[in-house]
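Notes follow the structure.
The values are calculated or read from the model by the stated rules, or taken from the named source; none is laboratory data. Not measured: the values here are computed from a predicted model. Here the Cβ is made from the backbone with ideal geometry for all residues, glycine too, and neighbour counts use every protein chain on show. What goes into the accessible areas is simple: the full protein's heavy atoms, side chains included, and nothing from ligands, DNA or RNA. Shrake-Rupley method; radii C 1.70, N 1.55, O 1.52, S 1.80 Å.
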Amino acid sequence: MRKLDLDLNDLLEFDLEQDIPGFELDTAELSAAVQTDFVRIRRYPRPSPAAVCYERAVDLVHNLPDLAENEALYCLVSGSFIYGDFIEALLVERNWYAKEMLIATLSLSKENVDSLANLLNGDYLGDLGLIVSDYWYSHERRSQGGVPYLTHTLGGPNFSFAAAGLHTKVTIINTSCGQHLMLHGSANLRSSRNLEQLVIERSKELYDFNRFWMLHLLDHF
């Protein structure tokens, strides 16, 4: 292979054969210094583990307004409660019975499993469908992991379980009082102790849309 001895500046010197109105080509000096600016940002202070408690979820439920059909509420939460606790508190504090609840989450903890078991055993929940990511499933299949704990604790005729390649955080709830709720946001069922956003929507249309694909995953995976 023949080596070409070229100066890089030579490559930048060329003429356009046509004069195009309004078009100009400027080249920068190769020797110009490149300046990089650094910005030091302050990290958001995570709540201490002791500050993350069920009572914080109850506080949010008590401050929620009643939603009309096709109305939504956007929440920014500090990470001081576990999102799974909020689902439990919503039904318990409002004294709602969920005929059906379907959840799709990237991950969850054993405490979240206990929370869902509380709803089933306390007659706040009829049918439960839970979809987790195949990532979480593959890491929690060991004998003392989350998968055996989940199937042992929640297993029953009213429980459906699936794992699939997903990253969604969606919960839909159909209450006996006629509400079709959709909860979605950044949080998994377990707390990350970070800022999280949560949207609560009352919409039969959105409920049916999400129910379709969630049941499909529960049936096939």
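In this structure, is Asp59 touching a Phe, Trp or Tyr at 6+ places or on another chain (Cβ under 7 Å) and of a type in the set (Asp, Glu)? So Asp59 fails the test.
Name the helices (runs of 4 or more DSSP H) wholly inside the stretch 129-221 in which the number of residues that are open to solvent by 50 Å² or more (accessible area, probe 1.4 Å) and over 30 Å from Ala50 (Cβ atoms) is 2 or more.
Filter on the stretch 129-221 gives 134-139, 204-220.
Taken over the stretch 164-221, residues that are farther than 24 Å from Trp136 by Cβ and aromatic (Phe, Trp, Tyr) amount to 2. Of all the residues in the stretch 103-128, those that are under 18 Å from the mean Cα position of the chain (by Cα) and of a type in the set (Gly, Ala, Ser) number 3.
Out of everything in the stretch 35-74 that is among the small types (Gly, Ala, Ser) and modelled with pLDDT of 85 or more, what residue ends up being nearest to Leu206 (Cα to Cα)?
At the first step, the residues of the stretch 35-74 found to be among the small types (Gly, Ala, Ser) are 48, 50-51, 57, 68, 72.
Retained after the next criterion (residues that are modelled with pLDDT of 85 or more): 48, 51, 57, 68, 72.
Values: Ser48: 36, Ala51: 34, Ala57: 24, Ala68: 14, Ala72: 11 Å.
Going through the qualifying residues, I end up with Ala72.
On the stretch given as the stretch 68-122, residues that are among the basic types (Lys, Arg) and in contact with a Phe, Trp or Tyr (Cβ under 6 Å, 6 or more places away or on another chain) total 1.
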